[in-house]
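Peer 1: The following block contains the structure, expressed as structure tokens.
The values are calculated or read from the model by the stated rules, or taken from the named source; none is laboratory data. Predicted model, so just to flag it, every value in this text is computed and none were measured. As a convention, Cβ positions derive from the backbone with ideal geometry for all residues, glycine included, and neighbour counts pool all protein chains shown.
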Amino acid sequence: MRFSRAYIPTTKESPKDAQLPSHIYLSRAGFVAQVASGLYNFLPLGKRVLRKIETIINEEMTACGALEVDLSFVTPAELWEESGRIEKFGKELLRFRDRKDNLFVLGPTHEEMMVSIVRNRITSYKQLPLNVYQVKTKFRDEARPRFGLMRAREFVMKDGYSFHATTEDLDREFDAMEAAYKRILERLGLTFRIVEADSGAIGGTGSKELMVLASSGEDTLAVCDTCEYGANVEAARRSPRVLIPEAPEANFAKFKTPNIKSIEDLSNFFHVDPYYTLKAVVLRAVYEEGSEPVCFFIRGCDELQEVKARNSVGAIDLVDISEAELTEIGLVPGFIGALDQDKIRFVMDNDTRNATSMICGANEADYHFVGVDLSVMGDVPFADLVAVAVGDGCPHCEGKLLHTKGIEVGHIFKLGTVYSAPLKAEFLDENGRSQPFIMGTYGMGVSRLVAAVIEQHHDEKGCIWTHATAPYMVNLMVSNIKEEAHLLYAEELYATLGKNKIEAILDDRKERFGFKMSDAELIGFPFTVIIGKELNNGHVQILVRATAEMITVDADKVMEKLAELIG
RNA sequence: CGGGGCGUAGCUCAGUAUGGUUAGAGUACUUGCUUUGGGAGCAAGGGGCCGGAGGUUCGAGUCCUCUCGCCCCGACCA
């Protein structure tokens with residue numbers, strides 16, 4: 001490509017709306033342009049990057065035996081009514097009617113459509129397993145699109161679906177997909193973690209997220225400093241505590257604790273570690289129909305993890321509750337305890353099971369119990385309710401957990417029969433019995449990956465593309481095109497690169513050195529060959545974008561050097 | 001969906017509190033000359049329904065009402 005004939009509208013100023021590096025640099029360097037809220041046009045450079053990522057995904061999927069398909073973007077609303085998701089998705093589904101007044105939606109994901117293409121066509125266990133996928137535009141009418149390509153309404157996603165006769169076979173495919181996704185991200189040159197995730201309302205037996213590590217990530221991850229363990233904080237686990245503070249010595253007793261309400265006050269009052277106090281967090285659990293207050297009991301040293309708490313009671317949402325409401329149901333704020341608790345539904349954290357030497361509220365103003373042995377509680381509901389904290393032990397090894405930020409670029413699920421059962425997508429098993437397909441689903445955000453690469457790889461000058469994602473590997477920058485010998489040299493090198501299948505762009509624009517250099521750095525080509533005054537001494541220079549290293553090379557050894565650098 | 005902010009040249013923004021010449025700057029663009037290793041200099045140009053619709057007024061970018069769009073914080077995000 002000749003830069004003079006390309007369409008790469010770079011700008012010195014950032015669009016005023018851009019906040020994130022990826023948004024700023026992808027806009028400034030002419031990869032994308034915003035159309036409306038959450039809608040972006042991909043310009044020539046952006047399209048090249050998108051295609052490179054797609055190609056890698058296609059190669060890895062093909063290697064796994066997955067089959068590419070292309071489903072209609074516009075989908076009949078009936079399918080969504082059948083699966084029951086038309087209500088669940090709510091306003092995120094963009095709906096419209098055709099000229100015959102039939103209702104359609106723009107596909108936000110394609111479980112229903114994928115099931116529909118297999119349903120009644122795959123009818124025997126002998127035809128299974130099957131893994132089909134597509135790389136396609138999706139549309140979700142998000143309440144609040146933001147962060148440029150990171151959270152757009154229209155975006156490109158690879159979505160794959162597998163169909164199995166047995167859960168064992170699903171497990172095998174799930175592992176194969178995890179491995180394939182790992183290879184894709186490795187090839188793209190990204191630093192990432194595969195983490196355990198909350199499978200949320202969709203249920204299923206397993207769900208993992210692929211997180212590209214970047215400080216601007218929207219998700220918080222707990223990762224082990226020693227092993228591979230990582231989990232979204234919504235689902236993170238920790239090993240049992242090893243350093244247990246010394247237990248206070250006290251026999252069971254009711255103790256006057258005037259106006260001592262917070263864990264901090266309580267801990268100071270009795271001079272005990274908060275580990276031995278019982279924290280009560282009351283929230284209103286909201287269900288499909290109705291709501292109720294629920295109390296979550298955890299150790300005073302821990303924090304409640306809302307997603308875990310929500311899952312423990314099967315609620316859609318947890319909302320704050322006022323002290324007045326607590327009083328109304330007969331609770332005493334600041335002195336709520338678990339013993340003889342009959343005013344409210346409650347759940348105990350796993351870590352309080354059989355806990356001894358505890359201090360907890362006496363359900364009476366200005367009184368706490370000390371020396372409580374929670375094993376007397378008997379048969380009460382327990383669940384994992386707490387947020388793992390920095391420094392907690394890894395559940396798999398001796399390491400410590402750290403927090404880091406990640407961008408979710410992929411999510412793989414074991415769906416089971418969540419869609420196949422309601423959609424009546426069934427096959428006959430070996431015994432001639434009709435069974436719903438056992439399904440897995442595997443998503444990867446392709447356009448989000450474009451942004452993720454830049455979030456992880458940029459500096460104050462602009463983009464730094466990895467080798468696999470760069471729109472062009474090499475930029476041949478002619479410092480002054482009026483120097484005919486220089487231009488001629490560049491043309492020859494450009495032709496040689498073409499013969500060697502190295503993608504190059506020839507910056508033959510009638511611009512000054514500084515202007516072209518700034519563009520090269522902003523766009524972020526991995527290598528820029530500077531053809532200028534050094535050529536008079538028989539040299540050119542190669543700027544390595546990632547390291548800012550400037551390498552001087554003999555003019556006739558450039559190909560060898562580039563080949564070595566590209567690797 | 002709650003709260004806040006912003007819409008003026010392709011882009012980034014002044015100008016709006018207190019209404020009053022022909023609506024400005026920087027940048028980008030066109031032409032010419034000079035310059036040519038870090039976003040050049042000089043000169044001359046083109047470019048605006050001041051988001052839209054109503055209204056108040058002799059007069060509205062500026063005041064009032066309505067509306068549309070965009071951004072930020074939060075809720076939401078299989």
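Peer 1: Just one of A:K343, A:K254, A:K261 is part of a strand (DSSP E or B) and farther than 30 Å from A:A197 by Cα; which is it?
Peer 2: A:K254
Peer 1: Looking only at residues that are part of a helix (DSSP H, G or I) and surrounded by fewer than 22 Cβ atoms within 10 Å (Cβ to Cβ) in segment A:127-170, which one is nearest to RNA strand B (Cβ to nearest atom)?
Peer 2: Filtering first and then ranking leaves A:T167.
Peer 1: In segment A:1-78, which strands (runs of 3 or more DSSP E) lie fully inside it and hold 1 or more residues that are loosely packed, with under 14 Cβ neighbours inside 10 Å and more than 16 Å from RNA strand B (Cβ to nearest atom)?
Peer 2: Per the criteria, A:74-76.
Peer 1: May I ask you to say which residue of A:L304, A:L374 is within 16 Å of RNA strand B (Cβ to nearest atom) and either closer than 25 Å to A:P248 by Cα or touching a Lys or Arg at 6+ places or on another chain (Cβ under 7 Å) (or both)?
Peer 2: Just a single option satisfies the conditions, and that option is A:L304.
Peer 1: Looking for whichever is without any contact (Cβ under 8 Å) to a residue 60 or more places away in the chain, over 27 Å from the mean Cα position of the chain (by Cα) and under 19 Å from A:K52 (Cβ atoms) here; the options are A:K482, A:K533, A:K501. Which one fits?
Peer 2: Only one candidate passes the filter, namely A:K501.
Peer 1: In addition: From the list A:A280, A:A285, exactly one residue is in contact with a strand residue (DSSP E or B) (Cβ under 7 Å, 6 or more places away or on another chain) and closer than 19 Å to A:V376 by Cβ. Which is it?
Peer 2: After applying the criteria, what remains is A:A280.
Peer 1: With respect to A:L522, determine if the residue is more than 14 Å from RNA strand B (Cβ to nearest atom) and not assigned by TED's automatic domain parsing to the domain that holds A:F155.
Peer 2: Considered against the rule, which asks whether it is more than 14 Å from RNA strand B (Cβ to nearest atom) and not assigned by TED's automatic domain parsing to the domain that holds A:F155, A:L522 comes out as no.
Peer 1: Sticking with this one: Considering each residue of segment A:103-126, count those that are within 16 Å of RNA strand B (Cβ to nearest atom) and not charged (D, E, K, R), and give that number.
Peer 2: The total comes to 10.
Peer 1: Sticking with this one: So which residues in segment A:277-328 are exposed (fewer than 13 other Cβ atoms within 10 Å of the Cβ), out of contact with any helix residue (DSSP H, G or I) (no Cβ under 8 Å at 6 or more places or on another chain) and within 17 Å of A:D198 (Cβ to Cβ), if there are any at all?
Peer 2: Passing the criteria: only A:G314.
Peer 1: I would also like to ask the following. Being in contact (Cβ under 8 Å) with a residue 60 or more places away in the chain and outside any loop (DSSP other than H, G, I, E, B) is the filter here; which residues of segment A:99-118 pass it?
Peer 2: Matches in segment A:99-118: A:E111, A:E112, A:V115, A:S116, A:V118.
Peer 1: Next question, about the same structure. If you go through segment A:203-252, how many residues are under 24 Å from A:K405 (Cα atoms) and not charged (D, E, K, R)?
Peer 2: Residues in segment A:203-252 being under 24 Å from A:K405 (Cα atoms) and not charged (D, E, K, R): 25 in total.
Peer 1: On to the next question. How about segment A:509-527: which of its residues are more than 17 Å from A:K12 (Cβ to Cβ) and modelled with pLDDT of 95 or more?
Peer 2: Selection gives A:F525, A:P526, A:F527.
Peer 1: Considering segment A:267-293 alone, what residues qualify as being in contact (Cβ under 8 Å) with a residue 60 or more places away in the chain, farther than 24 Å from A:E306 by Cα and outside any loop (DSSP other than H, G, I, E, B)?
Peer 2: A:F270
Peer 1: Out of (1) out of contact with any helix residue (DSSP H, G or I) (no Cβ under 6 Å at 6 or more places or on another chain); (2) surrounded by fewer than 20 Cβ atoms within 10 Å (Cβ to Cβ), the odd one out for A:R183 is which?
Peer 2: Going through the list (1) out of contact with any helix residue (DSSP H, G or I) (no Cβ under 6 Å at 6 or more places or on another chain); (2) surrounded by fewer than 20 Cβ atoms within 10 Å (Cβ to Cβ), A:R183 breaks only (1).
Peer 1: Continuing with this model, one more query. Give segment A:347-391 a look and list any residue that's in contact with a Leu (Cβ under 8 Å, 6 or more places away or on another chain), small (G, A, S) and free of Cβ contacts under 8 Å to residues at least 40 places away in the same chain, or say none.
Peer 2: Result: A:G391, single match.
Peer 1: With respect to the numbered conditions (1) in a strand (DSSP E or B); (2) outside the structural domain of A:A165 (by TED's automatic domain parsing); (3) within 37 Å of the chain's Cα centre (by Cα), which one is the sole condition not fulfilled by A:C360?
Peer 2: (3)
Peer 1: Looking for something polar (S, T, N, Q) and in contact with a helix residue (DSSP H, G or I) (Cβ under 7 Å, 6 or more places away or on another chain) - is there at least one such residue anywhere in segment A:231-250?
Peer 2: no
Peer 1: How about segment A:520-567: which of its residues are closer than 20 Å to A:E460 by Cβ, of a type in the set (G, A, S) and in contact with a strand residue (DSSP E or B) (Cβ under 6 Å, 6 or more places away or on another chain)?
Peer 2: A:A520, A:G524, listed by residue number.
Peer 1: Now a separate question. What are the residues in segment A:534-551 that are farther than 18 Å from A:A470 by Cα, in a strand (DSSP E or B) and near RNA strand B (Cβ under 9 Å from one of its atoms), if any?
Peer 2: Listed by number, the residues that qualify are A:H539, A:V540, A:Q541, A:M550.
Peer 1: Continuing with this model, one more query. Being aromatic (F, W, Y) and within 22 Å of the chain's Cα centre (by Cα) is the filter here; which residues of segment A:3-41 pass it?
Peer 2: Passing the criteria: A:Y25, A:Y40.
Peer 1: Filter segment A:75-114 down to the residues that are under 23 Å from A:I184 (Cβ atoms) and in contact with a helix residue (DSSP H, G or I) (Cβ under 8 Å, 6 or more places away or on another chain) and list them by number.
Peer 2: A:G107, A:P108, A:E111, listed by residue number.
One line per residue, one yes/no per condition, for (1) modelled with pLDDT under 95; (2) touching a helix residue (DSSP H, G or I) at 6+ places or on another chain (Cβ under 8 Å); (3) over 30 Å from A:S420 (Cα atoms):
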{"residue": "A:T11", "(1), (2), (3)": "yes, yes, yes"}
{"residue": "A:P15", "(1), (2), (3)": "yes, yes, yes"}
{"residue": "A:G38", "(1), (2), (3)": "yes, no, yes"}
{"residue": "A:P44", "(1), (2), (3)": "no, no, yes"}
{"residue": "A:I57", "(1), (2), (3)": "no, yes, no"}
{"residue": "A:V69", "(1), (2), (3)": "no, yes, no"}
{"residue": "A:F73", "(1), (2), (3)": "yes, no, no"}
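Peer 1: Looking only at segment A:418-436, decide whether some residue is surrounded by 21 or more Cβ atoms within 10 Å (Cβ to Cβ) and either free of Cβ contacts under 8 Å to residues at least 24 places away in the same chain or under 18 Å from A:T528 (Cα atoms) (or both).
Peer 2: no
Peer 1: What number of residues within segment A:474-492 satisfy the criterion of being β-branched (V, I, T) and within 13 Å of RNA strand B (Cβ to nearest atom)?
Peer 2: 2
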